Amino acid sequence: MDKVGLNHKVLTFFKNYLVERKTKYLWNNFLSLFCSVDVGVRQGSALSLILSALYLSPIFHILEKYLKNLKIPISIISFVNDSLFISQNKSIFHLNTNIFCSYNIISSLFMGFRLVVEHGKTEVLHFSRSHGVFNSLSLNLTTIGGPILLPKTSW
């Protein structure tokens, strides 16, 4: 976190919050010895959301640079636990190619940062302005370790 330029007070807070934590228990008249409570931050904790955002923001910054250099027109919207990649193109083939390349890059970045991509939770949604039947293509991510994503018919 120091490398991304966070304020020293913020760094000190996280260091004190996460490292060498100890506690005592008092029950009736019994006072325990100090116990180590270096258990990290569990998912669902208010702090886990902040840490996720701090940890993921440099990855998305790197991703945006990659996509810009490769001229892949993808917009990224990041929520607390989810991210949304938006691409638009008149050709469904080019659209899928853009999403495939972006997914490959983000998967590689996550692996480089020692994070796990849960491919089974990945979804693809196609929206069309065409009237009538719209046959969207599936997105085959098996070559990069992901699933075959079948487009959802409703959102």
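We did not get these values from a lab; they are worked out from the coordinates using the rules stated. These numbers come from a predicted model, not from an experiment. Here Cβ is always computed from backbone atoms with ideal geometry, including for glycine, and neighbour counts include all displayed protein chains.
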Report task. Arrange the following residues from fewest to most other Cβ atoms within 10 Å of their Cβ: TYR103, TYR17, TYR66. Result -> TYR17, TYR66, TYR103
Query raised in the report: Do any of LYS68/LYS121; LYS90/LYS121; LYS22/LYS121; LYS15/LYS68; LYS65/LYS90; LYS71/LYS121 go past 29 Å between their Cα atoms, and which?
Result: LYS22/LYS121; LYS15/LYS68
